[in-house]
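Here the structure is laid out as structure tokens; the discussion comes afterwards.
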């Protein structure tokens, strides 16, 4: 994944506006507990030929959709089950359908956005990154926001403000989003990813990417760019727009309404492109990652076996979805 270095462009302003979308269907919330970008072991890179040549001598895989948010890719000697998850959940969020759980239990290999090894140790990595995500000595978040926005944040966080005001804006945005989701009854511990990791037990779960990659998504941009996004998120929080967006997204997912999910994600894409015509923000969050994931899936199909992938549902809808990237590779009909 190609990540724009901090302070080098206009990615963060529109990107932060869709932090809820990121947390719900695009990247695991545990990314906030990871370290800076770097190499990682246990990623699901199958051995073999480059993806473009992976299907040499084989016909394109067939794609079916036997249940909401559940797809199956099949080719000679290979099957890849794909389950689109929502990373946050409520007490009322149902478990995956029986056919999904049966496929999960029967798979030879399990893959998620990040590996079980990293998920198991993510909490231990939280203190360091947070300590490194403070503003320079003498600066506070108020130096990057209007007086009105600073006062509003103080009211939101109350007594916690003294421990928050020196955090980098991206981290304040993350905490503000957590505040909203917590008030709505959603949290990561109830998400479907967490449930599937638990169901895996001692079985290893490979990762498509690293927590460090996902952490870098959140940290992209300069402090001023991050603050612009924080300001927009704060206004959406205060006027109820952010909560409305979240509820629409969760409702569509929980009801298995694929058409509504596609509409919501397309709306998010168009708004991102309106705010950032260069397309960098959307590419950072979806396109680049979907392309990289598709290449790995192509290798799995070439290698053979019975695979089960669970990852944010947002990656499997739209013109730049993982499936469309597979079609572009000639892997999928």
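The values are calculated or read from the model by the stated rules, or taken from the named source; none is laboratory data. On a predicted model such as this, the values are computed, not experimentally measured, just so you know. When we count neighbours, we look across all protein chains shown, and the Cβ atoms used for this are built from the backbone with ideal geometry, even at glycine.
Side notes on the structure shown:
- Annotation note: of 311, 283, the sole residue that is surrounded by 20 or more Cβ atoms within 10 Å (Cβ to Cβ), out of contact with any helix residue (DSSP H, G or I) (no Cβ under 6 Å at 6 or more places or on another chain) and under 20 Å from residue 191 (Cα atoms) is 311.
- 1 or more residues more than 21 Å from the chain's Cα centre (by Cα), over 27 Å from residue 89 (Cβ atoms) and in contact (Cβ under 8 Å) with a residue 12 or more places away in the chain: qualifying helices (runs of 4 or more DSSP H) within segment 113-210: 127-132, 147-157
- Failed condition for residue 333, given (1) in contact with a strand residue (DSSP E or B) (Cβ under 8 Å, 6 or more places away or on another chain); (2) buried (at least 23 other Cβ atoms within 10 Å of the Cβ): (2)
This table checks each residue for (1) out of contact with any helix residue (DSSP H, G or I) (no Cβ under 9 Å at 6 or more places or on another chain); (2) crowded, with 20+ Cβ neighbours inside 10 Å; (3) at pLDDT 85 or above; (4) under 29 Å from residue 295 (Cβ atoms).
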| site | (1), (2), (3), (4) |
| --- | --- |
| 170 | no, yes, yes, yes |
| 178 | no, no, no, no |
| 206 | no, yes, yes, yes |
| 214 | no, yes, no, yes |
| 241 | no, no, no, no |
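- Considering (1) surrounded by 15 or more Cβ atoms within 10 Å (Cβ to Cβ); (2) out of contact with any strand residue (DSSP E or B) (no Cβ under 9 Å at 6 or more places or on another chain); (3) modelled with pLDDT under 90, the lone condition that residue 132 does not fulfil carries the number (1).
Let's see how each residue does on (1) in a helix (DSSP H, G or I); (2) within 30 Å of residue 150 (Cα to Cα):
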{"position": "231", "(1), (2)": "yes, yes"}
{"position": "270", "(1), (2)": "yes, yes"}
{"position": "283", "(1), (2)": "yes, no"}
{"position": "298", "(1), (2)": "yes, no"}
{"position": "301", "(1), (2)": "yes, no"}
{"position": "306", "(1), (2)": "no, no"}
{"position": "320", "(1), (2)": "no, no"}
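- Output for segment 308-318, where each listed residue is in a helix (DSSP H, G or I) and closer than 16 Å to residue 206 by Cβ: none
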